[in-house]
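Participant: First the structure, then my questions, so here it is.
The values are calculated or read from the model by the stated rules, or taken from the named source; none is laboratory data. This structure is a prediction, so every number in the text was calculated from the model and none was measured. FYI the Cβ positions are ideal-geometry reconstructions off the backbone, even for glycines, and counts take in every protein chain you see. Calculation scope for accessible area: heavy atoms of the full protein, side chains included, ligands and nucleic acids excluded. Shrake-Rupley method; radii C 1.70, N 1.55, O 1.52, S 1.80 Å.
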Amino acid sequence: MSTDFRKTWLAGAALSAGLGLGGAAWGQEAPQAAPQAAAPAGIEQRVQDLLARAVEHVRKNGPAAVNDFNRDARFTDKDLYVYALSRDGMMLASGGWSATLIGQSVLEETDARNRPFFKEMLEQAQRQPAGSLEYYWFNPAEGQPEVKLAYYQDVDGVVVATGYFPARATENQAKELLDQAVSSYFQDPEQALRRFANRQGQFTRRDLYVFVLDIPSRTVVLNGANRRFDGKPIADFKDLHGKAFLEDMLADVDRNVIHAIDYDWMNPQTRRVERKRAFYQRVGDALIGVGSYYPGGVAPKP
């Protein structure tokens, strides 16, 4: 970014802060029109409970017990349902849309981005008997494909799974947005900053937004969720536990390398302090970052 443009941008940021524009905390934003509805409280726990119930049923009654997933109300929870796959890719049972695939191989079935997600799940289960997988699927509540998060467990040669559409953005979505932001900034820093600042644009998604730090001056160039912080020294920012996370980022940043850091900060969508994992990378004299939030104060291991 040119020095003149940086000065102009930061001067505009200072004016915005003086006029009181923006939120009251890093990552907090003013109320938006028609915000996306959050998922029902506790849906993550409901998913885990449903999967545990299904796994225990198979463990106790044998692989043939997966047939109960097709019709037994114990294995559905509102829009959640359980399905089961054989290790060679056969759909054995399902209480949801995939019931039409029962008895068929699903190894070639693909998601909205043409990923063979069933095949990937089975391959992953060979390495890790219990885990999770993201894929893009049509969300009837939103009328468009969105990330769906599936949890699975291999039990007695059967892979049992259930999934849901998370209200929060995922780590993979944060990394994807970072990759797009880095590419945009590398091509045209000035235009990229304008795009990052547009709350209705492609660089603001649910609780994801882009932030940019100027490395030589050690200042915030832009916070996509709260313009009030543009132009402020990074030394001013600490999380609720006193962690100087922006300072820590600048102490450990490289070109062409994505780093990660965890801290506690305001989620602009839920308006609550949550655990956040930010992914960041150096581009020229700038640090570009995007982070995702985790409920319950615990982020998964990197």
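Participant: For the peptides 138-149, 157-168, 116-127, what is the packing order when you average, over each peptide's residues, the other Cβ atoms within 10 Å and list the highest mean first?
Facilitator: Working: 138-149: 13.8, 157-168: 21.4, 116-127: 17.0.
Listed from highest to lowest mean packing, they are 157-168, 116-127, 138-149.
Participant: Calculate the length of the line joining the C-alpha centroid of the range 187-206 to that of the range 52-101, in whole Å.
Facilitator: 43
Participant: Right, next: What do you get for trypsin sites (Lys or Arg not before Pro) in the range 225-292 restricted to DSSP loop and a cutoff of at most 16 other Cβ within 10 Å of the site's Cβ?
Facilitator: Values: sites: ARG227, ARG228, LYS238, LYS243, ARG255, ARG271, ARG272, ARG275, LYS276, ARG277, ARG282; in loops: LYS238, LYS243, ARG271, ARG272.
Answer by residue number: LYS238, LYS243, ARG271, ARG272.
Participant: Okay, moving on. How large a share of the accessible area of the range 178-218, in percent, is made up of carbon and sulfur atoms when the probe is 1.4 Å and the other protein chains stay in place? All intermediate terms of the calculation are to be shown ahead of the outcome.
Facilitator: Numbers: 830 of 1920 Å².
Looking at the range 178-218 in its full context, I get 43 percent from C and S.
Participant: Which value in nm describes the separation of the simple spin-label points at SER132 and ASN67, placed 7 Å from the Cα toward the beta carbon?
Facilitator: 3.4
Participant: Among 189-199, 59-69, how do they line up by average Cβ neighbours within 10 Å per residue, starting with the highest? List each step's numbers first, then the result.
Facilitator: Values: 189-199: 17.8, 59-69: 16.1.
Highest to lowest by the protection proxy: 189-199, 59-69.
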